[in-house]
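Novice: I'd like to ask you about the structure that follows.
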Amino acid sequence: MRKIAVLDQNTIDKIAAGEVVERPSSVVKELVENAIDAGATAVTVEITDGGKKLIRITDNGAGIEADQIPLAFLRHATSKIEKVEDLEQIASLGFRGEALSSIAAVSQVELITKTPSAVSGSRYIIEGGVEHSLEELGAPEGTTFLVRNLFYNTPARSKFLKSDMTEANYIHTLMEQLALSHPEISFKYIQNRQVKLHSAGNYSVKDVIYSVYGRDITKALLDAEFENDFMKITGFVGKPEIARGNRSFENYYINGRYVKNNIITKAIENAYKGFLMQHKFPFVSLQMQMEGNDLDVNVHPAKREVRFAREQEVYEAVYDTVRRALTGKEMIPKVSVGR
Ligand code: ADP
Ligand code: MG
């Protein structure tokens, strides 16, 4: 046995990076979420070779001030929360301060950014967690990240990547979900120089659904709506005839975050009981809003899982929303009697 010793920072960073950055689509997810948090109204994502060679993400958001750039790449460095109480009320998609340090640990990153008030922009280069340069340069307002040669220094991870086509498909699906969860932002996704998705950013979820799923699906949608003092839900559920053989059509977003949750999935599927044949899964696209303190998103570094303080109420709200949409019933306002 070796003697016990604390690992060096580089090794720690690479281990931690594995939790956040599993594949190219994880990089896209983290960087686009940062763009959204920075208030961008337009985000362009461009990839080649399934994102293994190059991922370029450009936003027109707030930018990063030159003297803050090296800080942003430190582990647990964030502008989004300050203290433990802030975890109770998370309004942003990010808050863990792990993405940039993780991505930079396992790739070659070039960042170009400019804030509205700065006279000029900055370019920063960091590779395998090692800073190369920070220089001034003319740049438009906003931020561009170039991530090259993902996992070039972690061959173990690199080996487990799938084909370029499969990795590109993961990114494409992710971009669709990001566009659906943020209809107020115009997303452009370019794969090997081909535009695969371009959403208008005009606040219309239906327009995004149209550009993602096409006309036949859009024509088969029913409006879904729900509101009580705890939760607000808007969106669409599909008529039974557009159901499919897997769950890829069951999508929902909580406070602008694409998540997976068993309680919500069960509520949706139970609400469709009697409307669908066995082994068929419905189309739904639901946007949910609830107070941050009813929701725990700090379950896993990738933030795809959530926990609810009031599970039963979430279940009932979702079930009711879907069921009423399917049966064409109006919402019966519940008089709240206080608790
Ligand atoms: P987190 O998102 O959890 O704060 P990140 O490592 O993803 O952590 O980012 C670190 C910080 O860098 C953010 O808190 C933010 O201040 C800044 N940042 C990252 N990306 C952008 C961007 N596209 N525009 C403006 N600021 C950014
Ligand atoms: Mg982030």
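The values are calculated or read from the model by the stated rules, or taken from the named source; none is laboratory data. Just so it is clear, the model here is predicted, and its values are computed rather than measured. Quick reminder, even Gly has a Cβ in these numbers, built from the backbone with ideal geometry, and neighbours come from all protein chains shown.
Novice: Any residue in region 307-320 that's closer than 18 Å to Gln287 by Cβ: show its pairings with residues that are in a loop (DSSP other than H, G, I, E, B) at Cβ separation under 6 Å, as long as the two are six or more apart or on different chains.
Specialist: Glu313/Phe230
Novice: Continuing with this model, one more query. For region 1-54, which residues satisfy the criterion of being aliphatic (A, V, I, L, M) and surrounded by fewer than 20 Cβ atoms within 10 Å (Cβ to Cβ)? Give the derivation first.
Specialist: To start, the set of residues in region 1-54 that are aliphatic (A, V, I, L, M) comprises 1, 4-7, 12, 15-17, 20-21, 27-28, 31-32, 35-36, 38, 40, 42-43, 45, 47, 54.
The answer is Met1, Ile4, Ala5, Val6, Leu7, Ile12, Ile15, Ala16, Ala42, Leu54.
Novice: Kindly indicate whether Ser211 is part of a helix (DSSP H, G or I) and either free of Cβ contacts under 8 Å to residues at least 24 places away in the same chain or closer than 27 Å to Glu311 by Cα (or both). Steps first, please.
Specialist: On the way: part of a helix (DSSP H, G or I): yes; either free of Cβ contacts under 8 Å to residues at least 24 places away in the same chain or closer than 27 Å to Glu311 by Cα (or both): no.
Against the criterion (part of a helix (DSSP H, G or I) and either free of Cβ contacts under 8 Å to residues at least 24 places away in the same chain or closer than 27 Å to Glu311 by Cα (or both)), Ser211 does not qualify.
Novice: Ok, one more. Taking region 246-280 as the region of interest, how many residues are β-branched (Val, Ile, Thr), surrounded by fewer than 18 Cβ atoms within 10 Å (Cβ to Cβ) and at pLDDT below 95? Don't jump to the end; show me each part of the working.
Specialist: To start, the set of residues in region 246-280 that are β-branched (Val, Ile, Thr) comprises 254, 259, 263-265, 268.
Now drop any that are not surrounded by fewer than 18 Cβ atoms within 10 Å (Cβ to Cβ), which leaves 263, 265.
From the residues that got through so far, the ones that are at pLDDT below 95 too are none.
Result for region 246-280: 0.
Novice: Ok, one more. Looking only at region 71-122, which residues are among the acidic types (Asp, Glu), at pLDDT below 95 and more than 13 Å from ligand 2 (Cβ to nearest atom)? Break it down stepwise before answering.
Specialist: Here is the first cut: in region 71-122, the ones among the acidic types (Asp, Glu) are 82, 85-86, 88, 98, 110.
Now drop any that are not at pLDDT below 95, which leaves 82, 85-86, 88, 98.
Selection gives Glu82, Glu85, Asp86, Glu88.
Novice: Does region 255-284 hold any residues that are within 20 Å of Phe230 (Cβ to Cβ), in a helix (DSSP H, G or I) and either assigned by TED's automatic domain parsing to the domain that holds Leu93 or touching a residue at least 12 places away in the same chain (Cβ under 8 Å) (or both), and which are they?
Specialist: Ile263, Ile264, Thr265, Lys266, Ala267, Ile268, Asn270, Ala271 - these are the residues of region 255-284 that are within 20 Å of Phe230 (Cβ to Cβ), in a helix (DSSP H, G or I) and either assigned by TED's automatic domain parsing to the domain that holds Leu93 or touching a residue at least 12 places away in the same chain (Cβ under 8 Å) (or both).
Novice: Let me ask something else. Residues that are crowded, with 18+ Cβ neighbours inside 10 Å and away from ligand 1 (no atom under 16 Å from the Cβ): which helices (runs of 4 or more DSSP H) entirely in region 73-182 hold 3 or more of them? If you could, list the steps in order and put the result at the bottom.
Specialist: Values: elements: 99-105, 155-159, 164-181.
Of the helices (runs of 4 or more DSSP H) lying wholly inside region 73-182, those with at least 3 residues that are crowded, with 18+ Cβ neighbours inside 10 Å and away from ligand 1 (no atom under 16 Å from the Cβ) span 164-181.
Listed here are the residues, each with its yes/no results for (1) over 28 Å from Thr58 (Cα atoms); (2) not hydrophobic (A, V, I, L, M, F, W, C); (3) not assigned by TED's automatic domain parsing to the domain that holds Pro282.
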{"site": "Ala179", "(1), (2), (3)": "no, no, yes"}
{"site": "His182", "(1), (2), (3)": "no, yes, yes"}
{"site": "Ile185", "(1), (2), (3)": "no, no, yes"}
{"site": "Gln194", "(1), (2), (3)": "no, yes, yes"}
{"site": "Tyr203", "(1), (2), (3)": "no, yes, yes"}
{"site": "Tyr210", "(1), (2), (3)": "no, yes, yes"}
{"site": "Asp223", "(1), (2), (3)": "yes, yes, no"}
{"site": "Gly238", "(1), (2), (3)": "yes, yes, no"}
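Novice: Check Asp37, Asp67 and return the single one that is more than 26 Å from Arg307 (Cβ to Cβ) and either under 16 Å from the mean Cα position of the chain (by Cα) or without any contact (Cβ under 8 Å) to a residue 24 or more places away in the chain (or both).
Specialist: On the way: Asp37 fails: more than 26 Å from Arg307 (Cβ to Cβ).
Of the residues listed, the single one that is more than 26 Å from Arg307 (Cβ to Cβ) and either under 16 Å from the mean Cα position of the chain (by Cα) or without any contact (Cβ under 8 Å) to a residue 24 or more places away in the chain (or both) is Asp67.
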